[in-house]
Ligand code: SF4
Ligand code: SF4
């Protein structure tokens with residue numbers, strides 16, 4: 001059986017903040033209702049899921065909301081208990097939590113560290129950017145509370161990445177943003193353009209909060225700041241995803257993959273959907289409490305969704321960047337009446353790729369060389385150790401050993417130490 005990634009909407013749309021651009025509300029009017037996934041669903045679904053992924057050997061689960069920590073720590077303790085009771089021997093279990101970090105305390109820190117959960121924290125940059133749109137219902141900014149949550153994660157040694165939404169509040173300040181993230185010693189950052197649409201209203205044409213020109217300018221300036229002469233020190237997921245395509249590795253982001261395959265989304269009541277931009281009865285795949293998982297994951301409704309990028313818009317078919325861009329996000333195509341126009345951010349990609357292409361190629365071949373070097377160092381460590389600092393690097397780059405795989409810059413670069421395909 002294939003792998004299957006599952007995103008749980010642990011508390012549905014409920015949240016302790018009220019960020020103005022949130023796409024996961026009941027409606028554009030922004031109502032929020034208190035809902036919780038109950039333990040019974042977890043107790044029944046997790047064994048079925050573990051059985052489904054036993055052959056693939058990977059169980060990958062993401063816990064989101066709304067704000068998932070509102071479900072309370074005991075709920076998450078029940079999750080790991082259910083997982084450990086039902087996991088097949090040899091299966092790798094991965095859990096991630098996407099949170100605004102406001103409720104994190106030492107009990108959470110100890111739990112997340114103990115079970116090795118990866119945490120995604122939403123943070124839109126320094127205080128004046130973050131607090132513009134990420135406020136609570138009383139209108140108070142959340143920056144200080146988020147940074148306190150991040151301190152908890154640091155104290156407990158929990159692995160985390162930062163998810164930064166790009167909107168009018170920060171999109172024109174890419175260099176400032178990156179310098180802030182570097183100064184905070186964040187190692188993994190992801191940027192997402194803000195879209196003023198609702199997951200529950202997929203038929204409604206989306207409204208975009210930033211223009212393609214703004215996003216294109218952001219990507220190019222952020223790339224220049226990030227690249228650091230071929231030895232970037234932090235991971236930016238968008239660039240890592242492009243690098244996957246440059247190194248022939250399947251892209252782990254659906255937006256830049258051939259298919260709309262981002263696993264399944266399980267709402268608080270067990271109803272399942274093919275993507276968290278499509279939480280609507282028309283796209284409902286069944287309910288995990290009633291419908292066999294195989295039917296949900298492999299049935300005709302999900303298959304149709306997974307292949308919906310085809311046929312490609314004419315402009316994509318003719319595009320020289322299709323091999324990297326892959327026609328981007330289907331949800332952003334809906335501007336055209338028949339869905340045949342490319343992604344709203346098409347012009348951003350057409351600005352970015354020519355700008356970054358040569359350097360992405362350079363990074364791609366550096367990764368391939370380093371991979372070769374690591375293999376040689378493993379197979380023939382003595383031979384590699386005998387290569388002098390001024391000799392040609394055994395990786396085959398043609399550069400001196402000391403300026404290539406032995407250089408401090410190479411050591412500093414997260415990319416060369418952990419090529420994108422090795423990352424979670
Ligand atoms: S850059 Fe535009 S035209 Fe080219 S593949 Fe991407 S969305 Fe399609
Ligand atoms: S619609 Fe967009 S987000 Fe959803 S699966 Fe397709 S590419 Fe991914």
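The values are calculated or read from the model by the stated rules, or taken from the named source; none is laboratory data. Fair warning: this is a prediction, and the values are worked out from it, not measured in the lab. Cβ: placed from backbone, ideal geometry, glycine included. Neighbour counts: every protein chain shown.
When residue 66 is tested against (1) surrounded by fewer than 16 Cβ atoms within 10 Å (Cβ to Cβ); (2) modelled with pLDDT under 95, just one condition goes unmet, and that condition is (1). In summary, helices (runs of 4 or more DSSP H) completely within the stretch 291-410 and bearing 3 or more residues that are under 29 Å from the mean Cα position of the chain (by Cα) occur at 293-298, 300-306, 314-317, 322-325, 346-379.
The single condition among (1) away from ligand 2 (no atom under 16 Å from the Cβ); (2) under 20 Å from residue 239 (Cβ atoms); (3) touching a residue at least 12 places away in the same chain (Cβ under 8 Å) that residue 325 does not satisfy is (1). Residues in the stretch 81-115 that are part of a helix (DSSP H, G or I) and either over 25 Å from the mean Cα position of the chain (by Cα) or closer than 19 Å to residue 192 by Cα (or both): 81, 82, 84, 85, 86, 106, 107. Among the conditions (1) within 16 Å of ligand 2 (Cβ to nearest atom); (2) within 28 Å of residue 364 (Cα to Cα), residue 283 misses just one, which is (2). Condition check for residue 40 on (1) in a loop (DSSP other than H, G, I, E, B); (2) at pLDDT below 90: one failure, at (1). In summary, residue 226 fulfils each of the numbered conditions (1) under 17 Å from residue 361 (Cα atoms); (2) in contact with a strand residue (DSSP E or B) (Cβ under 8 Å, 6 or more places away or on another chain); (3) within 16 Å of ligand 1 (Cβ to nearest atom) with the single exception of condition (3). Kindly check whether there is at least one residue in the stretch 242-254 that is more than 16 Å from ligand 1 (Cβ to nearest atom), surrounded by fewer than 20 Cβ atoms within 10 Å (Cβ to Cβ) and assigned to a helix (DSSP H, G or I). Within the stretch 242-254, none of the residues are more than 16 Å from ligand 1 (Cβ to nearest atom), surrounded by fewer than 20 Cβ atoms within 10 Å (Cβ to Cβ) and assigned to a helix (DSSP H, G or I). For the stretch 116-137, the condition holds for at least one residue, the condition being that it is closer than 18 Å to residue 80 by Cβ and part of a loop (DSSP other than H, G, I, E, B). For the criterion of being in contact (Cβ under 8 Å) with a residue 24 or more places away in the chain, in contact with a helix residue (DSSP H, G or I) (Cβ under 8 Å, 6 or more places away or on another chain) and away from ligand 1 (no atom under 16 Å from the Cβ), residue 274 passes. Residue-level check: of (1) modelled with pLDDT of 95 or more; (2) assigned to a helix (DSSP H, G or I); (3) under 23 Å from residue 62 (Cβ atoms), residue 225 misses just (3).
Screening 267, 315, 298, 368 for residues that are more than 9 Å from ligand 1 (Cβ to nearest atom), surrounded by fewer than 20 Cβ atoms within 10 Å (Cβ to Cβ) and farther than 30 Å from residue 393 by Cα leaves exactly one candidate, 298. Residues in the stretch 258-284 that are part of a loop (DSSP other than H, G, I, E, B) and closer than 30 Å to residue 245 by Cα: 258, 259, 260, 261, 262, 263, 274, 275, 276, 277, 278, 279.
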